[in-house]
Amino acid sequence: MSTLEIRNLYVSVNTENGSVDILKGVDLTIKSGETHAIMGPNGSGKSTLAYSIAGHPKYTIVGGSVILDGADVLAMSVDERAKAGLFLAMQYPVEVPGVSVSNFLRTAATALRGEAPKLRTWVGEVKAAMEALNMDPIFASRNVNEGFSGGEKKRHEIMQLELLRPKIAILDETDSGLDVDALRIVSEGVNRAKESNNLGVVLITHYTRILKYIRPDFVHVFANGRIVEEGGADLADKLEAHGYADYVSK
Amino acid sequence: MSLLTTNYLTPTGREEAWRFTPLKRLRGLHDGQAVTGDRTTLNSLGTLASGVTFLREHLEPIAASDDVIVNRIRNLSPDVAHLSIAANTHVDKAIFLGRSAGALDSAEYSRVRISLGVHSVATVVLENTGDTVLAEDLEIYLATGASLKFISLQEFDSQSVYAARHHAVIDKDAEFKSITVTVGGDVVRILPTVEFIAPGGSVELLGVYFATTGQFFEHRMHIDHAVPKAKSRVNFKGALAGRDAHTVWIGDVLIRAVAEGTDTYELNRNLLLSDGARADSVPNLEIETGEIVGAGHASTTGRFDDEQLFYLMSRGITLDNARRLVVRGFFNEIVSEIGIDDIQNRIMSRIDSELERAGA
């Protein structure tokens, strides 16, 4: 049982025009097995929240805390956060030329499990994960994210989620750019990870359509750098009908 | 032209061809001050397949050169170490040429010839190792329809000076692929040059280099499209780490007026892994006819991509391992073209240890 506690988090980003405050006091607690949807308009700071928790160097933590099972996440390096059990499925996964998917996955699994997975079982594990996401086996020999379509990138992120078995995962607009079939396949992957590892999920999205496949326990409305309203799954339906206008004007 | 006069003048460093080279570190190869050593270090390793010979012979050069060191070698050494592959011979296994011990207190002036008869096919690996002062005039001749993969590995020890021209003459429909790896030595200056003498030829010049503290590695290409319908590709990738690591890549491609249907593209990418290193990259495309298939070049020099490192680290991979993966990945595109596992693994671990030593 894991708990990720985000308390009064303030984050700024350095731009050409100086430092800009993005997050303005975020409070959020995620426990194993829970699914939290974070919804909000463009530019409200949802992605900044995701990247700050993962430790992207672009963001400066101005105040607040992020605690995972009693450990100070903000004091950890990026790789230490992953080893502590955090995972970020990125909206724009990065190309790594010359590094094959299979080499990358094995290096990551070795780092996270503390020892190299046994080759025989590992090959089977990867094969099963790829089949479950409807991915061509040739994928393993391609370079990480190089020449991948939008859908392939997202499947590759979810494949990592399944193979690397984090405690808490943040999915940053995993649904964007997916057609209906891909959305279903990717959502099933997230649900499998939830079931098999009792994963806690933070689902960042603009749209309610992914919530039909991954049912949220909580819905948080994000606007102007903080959470402005919270509710259950029914809050998403209300947002679908009325949009974010009420929250943005506040 | 000025072949007779300027070719024998001692370079001052103001000449275009010498403007990057640290002349003082050439141990007298450029100005004739080097003591001429009495050694011939090039050997063929293993048994030669049928149709393959390796002999020392008196041979006239195939092509003129305007390089002062090449001309000095030709004056001093009438002997040529000649690897010859007979017409229509397909050599399955790579032919290895290696070095016996060199020396730093005197210079070796070496002439080498690799010639492939019509429609012959071979892979030749030249392994340059040890500590030595070596000036080399290496000429490659590919007869009609011949195909050569030429892998030259500069894995010298830290004090070596190597100044060489690797010149390929490409006859009708011949295919030449070279992979130049430079990871060792104090000063390495290689002129990979190509001359098409009949239509239909195709060359691919690939290379990787990794310079660390104080090392100077120069690769100065010249491709002469002097006939119609030839194709050339150049792709060199380099990494630099540590103070005063310096690399130079020059890509001169000349498409003469008669060279209609030429197809050429050259690319150089450099990865600066620390402060205090310098990568010079100069593509030069001279086009005398518009009737071509394509001609282009690109050159980039950059640092580690923070986004790549972040992505890898967000999957639990440490910073050191993430850097190693990125550097290996960067070089992999070229190194994997060698196609000989032992060599590929050796080069990759050399790159790993250079990276570690540089602390980048």
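The values are calculated or read from the model by the stated rules, or taken from the named source; none is laboratory data. As the structure is a computational prediction, the values presented were derived from the model and not from experiment. Methodologically, a virtual Cβ is constructed for each residue, glycine included, from the backbone with ideal geometry; neighbour enumeration extends over all protein chains shown. When the accessible area is computed, the model is the full protein with side chains, heavy atoms only, and any ligands, DNA or RNA have been set aside. Shrake-Rupley method; radii C 1.70, N 1.55, O 1.52, S 1.80 Å.
Here B:ARG315 fits the description: basic (Lys, Arg), open to solvent by less than 10 Å² (accessible area, probe 1.4 Å) and within 9 Å of another protein chain (Cβ to nearest Cβ). Just checking, which of B:SER274, B:SER349, B:SER299 is more than 10 Å from chain A (Cβ to nearest Cβ) and part of a loop (DSSP other than H, G, I, E, B)? Checking each option against the conditions leaves just B:SER274. When A:GLY151, A:GLY124, A:GLY63, A:GLY147 are screened for being at pLDDT 95 or above and either assigned to a strand (DSSP E or B) or more than 30 Å from A:ASN14 (Cα to Cα) (or both), only A:GLY63 passes. Per the conditions (1) modelled with pLDDT under 95; (2) under 19 Å from B:LEU138 (Cα atoms); (3) of a type in the set (Lys, Arg), the sole criterion not satisfied by B:ARG14 is (2).
Filtering B:ASP79, B:ASP67 for residues that are crowded, with 22+ Cβ neighbours inside 10 Å, closer than 30 Å to B:SER147 by Cβ and not small (Gly, Ala, Ser) leaves a single hit, B:ASP67.
Note on the range A:33-60: among residues that are open to solvent by 20 Å² or more (accessible area, probe 1.4 Å) and part of a helix (DSSP H, G or I), the one that is farthest from the other protein chains (Cβ to nearest Cβ) is A:SER47.
A residue that is part of a strand (DSSP E or B), open to solvent by 10 Å² or more (accessible area, probe 1.4 Å), under 25 Å from B:ASN71 (Cα atoms) and not hydrophobic (A, V, I, L, M, F, W, C) occurs nowhere in the range B:174-181. Within the range A:80-107, the residues that satisfy the criterion of being within 16 Å of A:ARG142 (Cβ to Cβ), open to solvent by less than 20 Å² (accessible area, probe 1.4 Å) and part of a helix (DSSP H, G or I) are A:VAL101, A:PHE104, A:LEU105. Among the conditions (1) over 16 Å from B:HIS166 (Cα atoms); (2) open to solvent by 20 Å² or more (accessible area, probe 1.4 Å), the only one that B:SER120 does not satisfy is (2).
Okay, residues lined up against (1) among the small types (Gly, Ala, Ser); (2) assigned to a helix (DSSP H, G or I); (3) modelled with pLDDT of 95 or more; (4) open to solvent by 10 Å² or more (accessible area, probe 1.4 Å):
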site: A:LEU171; (1), (2), (3), (4): no, no, yes, no
site: A:GLY177; (1), (2), (3), (4): yes, no, no, yes
site: A:ILE204; (1), (2), (3), (4): no, no, yes, no
site: A:VAL219; (1), (2), (3), (4): no, no, yes, no
site: A:GLU240; (1), (2), (3), (4): no, yes, no, yes
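Just one of the listed residues (B:GLU286, B:GLU333, B:GLU337) is surrounded by fewer than 20 Cβ atoms within 10 Å (Cβ to Cβ), in contact with a Leu (Cβ under 8 Å, 6 or more places away or on another chain) and not in a loop (DSSP other than H, G, I, E, B), namely B:GLU286.
Of the residues making up the range B:133-153, at least one is more than 14 Å from the chain's Cα centre (by Cα) and either at pLDDT below 95 or closer than 23 Å to B:TRP18 by Cα (or both).
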